[in-house]
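Input: a single structure, listed below in C-alpha cells.
The values are calculated or read from the model by the stated rules, or taken from the named source; none is laboratory data. Because the structure is a prediction, the values reported are computed rather than measured. Here the Cβ is made from the backbone with ideal geometry for all residues, glycine too, and neighbour counts use every protein chain on show. What goes into the accessible areas is simple: the full protein's heavy atoms, side chains included, and nothing from ligands, DNA or RNA. Shrake-Rupley method; radii C 1.70, N 1.55, O 1.52, S 1.80 Å.
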Amino acid sequence: MAFVTLLPQKTEIEEGAVSERVLDVENLSIEIPVVGGMLHAVDNISLHVERGETLCIVGESGCGKSLTSLAIMDLLPKKAIRTVNKMSLNDENILNFSEKQMSNVRGNKMGMIFQEPMSSLNPSFTVENQMLETLSRHRNIVGSQAKDLVIQMLEKVGIIPAEKRLRQYPHQLSGGLRQRVMIAMTLLCEPELIIADEPTTALDVTIQAQILKLMKGLQNDFNVGLIFITHDLGVVANIADRVAVMYAGQIVEEGSVFDIFDNPSHPYTRGLLSCIPVPGKIKRGEPLGSIPGMVPSLVGDFQGCRFSGRWGDAHEQLDGADIKLASTSDKSKTYKVKGSETHLIRFCCEDCLKKSYIFDKRKAS
Amino acid sequence: MLYYTLKRLALAALVALTVSFISFGLLYLSSDPAIAMAGETASDADIEAIRQLYGFDRPILVQYFDWLQRAAAGDLGKSYYFRTDVSALIGERLPTTMTLGVCAITFAILLSVPLGVAAAIRPNSLVDRIALFLSVMGQALPSFWFALMLIVFLSVSLRLLPTSGSDTWLHFVMPTVVLGYYAAPAIMRLTRTGMLEVLSTDYIRTARAKGLRPPVVLFKHALRNAIIPVVSLAAVQFGFMLGGSIVVETIFALHGAGFLAWESITRNDLPTVQGLILVFSLFYIVLTFFADLINAWLDPRIRIK
Amino acid sequence: MSSGSTVTTTVTKASIYTRFTGHQGVMIGAFIVLAIVLVALLAPLLAPHDPYQQNLLARLIPPVWDSRGSWDHVLGTDHLGRDYLSRLIYGARISLLIGFGAALISGLIGTVMGVMAGYFGGRVDMVVTFLITVRLSMPVVLVALAVVAIVGGSLQVVITVLGLLLWDRFAVVMRSSTLQIRSMDYVAAAQAVGCSTKRILMTEIMPNVVNNLIVIATLEMAHAIILEAALSFLGLGVQPPLPSWGLMVSEGKDMMLFEAWLITIPGVALFLLVLAINLMGDGVRDITAPENRN
Ligand SMILES: Nc1ncnc2c1ncn2[C@@H]1O[C@H](COP(=O)(O)OP(=O)(O)OP(=O)(O)O)[C@@H](O)[C@H]1O
Ligand code: SF4
Ligand SMILES: [Mg+2]
C-alpha cells in the first residue's frame, strides 16, 4: 500500500456549512496498572467526528489506537482506568451511561469492526444466527423480515448471492468474506458512528483494496461518521477526511488530510511521512527515511518528552514547509498551524516548540 | 462427518481389542488358572487334569482367540466362585453401578460447571476462591476416607442417611457425593480455564460490541464454546468413575459391579475379573467414542469440513 | 554484552525466586512436604515407641486430648496396642516411598514415550497416542487390585504396578511440550547445523520440558500415594503389619463408630500430604507456565 494519492476524495466540509457532530470526546486518558507501575497508555486526547466524515487515527504499533477506540465503546479491559471530561454521541452525553444503557448504544448507534476477521466471529454459530441476534437485540425484528434485512445487507457489502452464506459458519468463509460479514453486521442497525480498528491489516493486499473501496462507498451511502484506525499512510491518503496522528498515547498533530500530507508540522508526522515513498516528493535513489530511536516506556510517573531523542533529521526532510504557529490558549501546548483553522499541533514541551521556531526562522532568513 | 465417525469407530475397535488382549495376557501371565480353579486342596494330578480339560496348556494366543471368540458372542466363561455365567453375573450387577455412575457424574457436573463459570466470570472473587478451595480439597481427599467420614458424621452422629445397601434412593446419596466429588475438581478447573480463555477471545469482544446483553454473551457465545472440551472430560471422568466405583461400592456395600470386582479379586475368581476389566474398558471406549461424536457435533469446525 | 546478559539472568533468577517465595500455595505446600519428609527420615529418632510392638493390655487408648488418653501414647494406640504416633511416623516413609518410586517409574516410561512421539511424530506418534488411549481405557484401580492380588501385596509390587500404570499423563504432557519446543527456531537451527538427534533431545528439548515434567511428577506422586492408600485400605496393597496410612484407616474402620480418631488421624495425615504435594505442583505450574493449567 505504498501508493498515495492526494486528490480530493470528497468535497471538504465547507466553512459555515452545518456540520453535525456525531462524536465528541474531550480529554480522554487511559491508565492501566501493570507490574512496574501505572501505564499511561493514552494521555489527554480529544477528538471529534462529523456525520459523513472519516477520521483516520494513525500511529505506530502500541501508541494506544485500539485502547482509544475501546474506550469510546466503553469496552476497555476491566483493569484499565478511563478518565474523560466529555463523551457525547449525537449531542447526547454518554459519559455517565450505565453498562445497560451503553449496551443499548453499542451495535445500535455505534458499531465496531476489528482487525482480526479470522477470530472476530463466533466459530460455533452461523452467519445468519450472528447477524439476526443484532437485529432482534436492538430493533426487535425477528423472523422472515429480519432475514430479508440480513440478506439485503449482505448483498450491499458485496456478498452475492447472500442466501447461500447465511447457513455457513465463519470457518467456511475466507478472511475477506468474514470482514464483509463483520461490516454488514455493523451496518445492520444503521449506526451513527463506526469505529474500524485496522480492518484491513490482516488481509491480502488485493482484498485490502476491495474492502477499503467498499467501506468508502458504504460510508457515503449511509452517511455515517467513521473512525478508521490504521498505521498505513497509503490507506489514510485514500480514505481520510481528517487525520489524527498519535504518538505514545498522545495526539501530536491533527488536521485535514491535506494539512497533514502537504504541511506536516510535528517532527513525528514528518518522520512518518518520510517512511513511505511519496511519488514526486522523494527523488529516486534517495534513501527512505525512518524515525530513529524507540517509543519510550510509558510506565510510571511520566515526565519530560515522549518524543525525546527522536527528532533525527526530521527538520531537513521537508524543504519548503513553512510552519508558523499560533497559540490557541495559554495553558495548553496545542497550537494552530497558520493557514488552516483545523490544523492543530501539540508539543510536549517548550523546548520542542522552540526547535520548531528555530527551524522556522532559519528558513525565513 | 461420516468419514470422521467411521475413522473414530475403527480406532475404538482397535483399542478395545488391544485392551482385551492386555488384560487377558496380564491375568494369564500372573497366575495359573488351573490352580485357582482346582482350589487349594487339589493334588498336582487334579490340577493337570483341569489344565488339559479347559485347554490351559495351549499357547496363549490360541487361548486368547478362543476367549475372544466366545466373549464376542457374550460368553465370558463361568465364575469359579459363583459357578454361574460371568456375563449374567455382571449383567445383574451393572444396573446398580450405572445408577451410581449416572448420579455421580450428574452431581459432579451440577456442582462444577456452574461453579467454574461463576469463578471465570469474576476471577479472584469470593466465588473463585471457594471454587478453588473445593477443587484443591477434592483432589487431596482420598475417596475411601471421605466415605468413612461421611458415614461417621452423617449416618451415625446425625442419623441422616443409611450407611449400606441399595434399597432406596437415600442409599445412593452418600456414594453419589463421594464419587461425584472425586470427579468434580477436574471438570471445574477445565470449565474455569475454558471460560476464561473464551471470554478473552475476539469474538466475545465482538458480541459485546454488538451490544448483546451479558447473559447472552456469557451463556450463548462463551459457554457454548467453553463447554466443548468439558464434554470430553466429563465422559472420561465418567469412565474413571466406574472404575473407581470399586472403592465406594465396597464401603457402602452397594452390590454393583464394583463390589463384584472386589469380591472376585479377593476370591481369585479370574474369569469374573477378566470379564469385568473388559466390560469397564469397553464402557470407557464407548463413552469416549460418543463424547468425540458429540464434540464434533458441537464444534462446526470439525462437523463441517 | 556479556556483562549485560549476566545481569539479565540474575534478574530473572531473582524474580523467579521471589515468585516462588511470594506464592502462598507453594510455600505452604513445600513447608508441609518438607516437614513430612523430615519426619520420615528421622523416624527412628522421633517415634516414641516401636511401631510394631504390640501390647494387648494397652489396646485402643485414645489420644491425649481425650479424657481417657495419656501422654505416654500421644495419639493413642490401635486395636493391637501399638503406639499410633509411631505407626503414623513410620507410615510417612511408606507413602513417600510409594510416591517417589511410582512417579520415578511412570515418569521414565511416560517421558520417553511422550518425547519420542513429540519429536519424531508420524508413526511413532501414532503408536504412542494409541498406547495412551489403550492405557486410559483400562480401569486403573481394578487392574492394580487384580495384579497385586495375584502377585501378592508388597511394597515393591505396589510401587511397580502403580509405576507401570500411571505413565499416561507424563506421556500426554511430554508429547505436547515436545511438539511445542520442536517447532521453535532454535531446534530447527540445531537440526540444520547437523546436531545429532540424541544431542538435540538432551540439550534442546529436555531442559525446556523439565518444568512441565516436575509439575506432572508432583501431581502423579500425589496420585500414587492416594492409590496406594486405597489399595491398602481394600486389603490388596501393602500388607500388615506395615504401618501404611491406608491400612491404618482400614484397621480402624471396624471401631470407627466408637473411636472415630482411629480413622481421622491417618486420614488427616494422608490428606495433608497429598494436599501439600498438589499445592506445590499447582504452584510450580502457575509460576513456570501459567498458560498450561489443566
Ligand atoms: N490489557 C492490557 N494490559 C496491559 N497493557 C495493555 C493492555 N492493552 C493494551 N496495553 C498496552 O497499551 C498500549 C496501547 O495499546 P493499543 O492496543 O491501544 O495499541 P495500538 O496503537 O492499537 O497498537 P497496534 O497497532 O499494535 O494495534 C500498548 O503499549 C499495550 O502494550
Ligand atoms: S524538542 Fe520537543 S519533541 Fe523534541 S525532545 Fe524536546 S520536547 Fe520532545
Ligand atoms: Mg490495535
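Annotations for the structure displayed:
- Within the stretch B:128-160, tally of residues that are over 26 Å from the mean Cα position of the chain (by Cα), under 30 Å from residue B:196 (Cα atoms) and open to solvent by 60 Å² or more (accessible area, probe 1.4 Å): 2
- Selection from the stretch B:191-226 of residues that are of a type outside the set (A, V, I, L, M, F, W, C), within 7 Å of chain A (Cβ to nearest Cβ) and assigned to a helix (DSSP H, G or I): B:202, B:203, B:205, B:206, B:208, B:221, B:224, B:225
- Residue in the stretch A:89-101 that is of a type in the set (Ser, Thr, Tyr) and touching a residue at least 24 places away in the same chain (Cβ under 8 Å) present: no
- Test: residue C:118 is over 20 Å from the mean Cα position of the chain (by Cα), away from chain B (no Cβ under 14 Å) and within 28 Å of residue C:215 (Cα to Cα): yes
- Here residue C:132 meets the list (1) more than 27 Å from residue C:238 (Cα to Cα); (2) without any contact (Cβ under 8 Å) to a residue 24 or more places away in the chain; (3) surrounded by 17 or more Cβ atoms within 10 Å (Cβ to Cβ) almost entirely, failing just condition (2).
- Among the residues making up the stretch B:221-248, those that are open to solvent by less than 10 Å² (accessible area, probe 1.4 Å) and under 18 Å from residue B:196 (Cα atoms) are B:221, B:222, B:226, B:230.
- Residue check, residue B:280 open to solvent by less than 30 Å² (accessible area, probe 1.4 Å) and within 9 Å of chain C (Cβ to nearest Cβ): yes
- Which listed residue is touching a His at 6+ places or on another chain (Cβ under 7 Å) and not assigned by TED's automatic domain parsing to the domain that holds residue A:246, from A:69, A:61: A:61
- Residue match in the stretch B:255-267 (condition: among the acidic types (Asp, Glu), assigned to a helix (DSSP H, G or I) and out of contact with any Lys or Arg (no Cβ under 9 Å at 6 or more places or on another chain)): yes
- Residues of the stretch A:137-169 that are within 29 Å of the chain's Cα centre (by Cα) and under 21 Å from residue A:106 (Cα atoms): A:137, A:138, A:139, A:149, A:150, A:153, A:154, A:157.
- Subset of the stretch A:104-121 (residues that are within 16 Å of ligand 1 (Cβ to nearest atom) and among the charged types (D, E, K, R)): A:116
- All told, residue B:252 meets the bar of being crowded, with 20+ Cβ neighbours inside 10 Å and either under 26 Å from residue C:237 (Cα atoms) or free of Cβ contacts under 8 Å to residues at least 60 places away in the same chain (or both).
- The residues of the stretch A:47-60 that are among the small types (Gly, Ala, Ser) and either surrounded by fewer than 19 Cβ atoms within 10 Å (Cβ to Cβ) or closer than 18 Å to residue B:202 by Cβ (or both) amount to a single one, A:52.
- Filter pass, residue B:271 being modelled with pLDDT under 90 and either open to solvent by 10 Å² or more (accessible area, probe 1.4 Å) or under 23 Å from residue C:140 (Cα atoms) (or both): yes
- Verdict on residue A:177 being part of a helix (DSSP H, G or I), open to solvent by less than 10 Å² (accessible area, probe 1.4 Å), away from ligand 3 (no atom under 16 Å from the Cβ) and touching a helix residue (DSSP H, G or I) at 6+ places or on another chain (Cβ under 8 Å): no
- Residue match in the stretch B:193-200 (condition: under 24 Å from residue B:123 (Cα atoms), without any contact (Cβ under 8 Å) to a residue 40 or more places away in the chain and of a type in the set (A, V, I, L, M, F, W, C)): yes
- Residues of the stretch C:236-245 satisfying the condition of being over 15 Å from residue C:263 (Cβ atoms) and either buried (at least 24 other Cβ atoms within 10 Å of the Cβ) or not polar (S, T, N, Q) (or both): C:236, C:237, C:238, C:240, C:241, C:242
- When residues of the stretch B:78-107 are limited to those that are farther than 23 Å from residue B:247 by Cβ and touching a strand residue (DSSP E or B) at 6+ places or on another chain (Cβ under 8 Å), the one surrounded by the fewest Cβ atoms within 10 Å (Cβ to Cβ): B:84
- Checked against (1) in a helix (DSSP H, G or I); (2) farther than 23 Å from residue A:92 by Cβ, residue A:219 meets all criteria but (2).
- Spans of strands (runs of 3 or more DSSP E) in the stretch A:61-141 with at least 3 residues at pLDDT 90 or above and open to solvent by 10 Å² or more (accessible area, probe 1.4 Å): A:81-83
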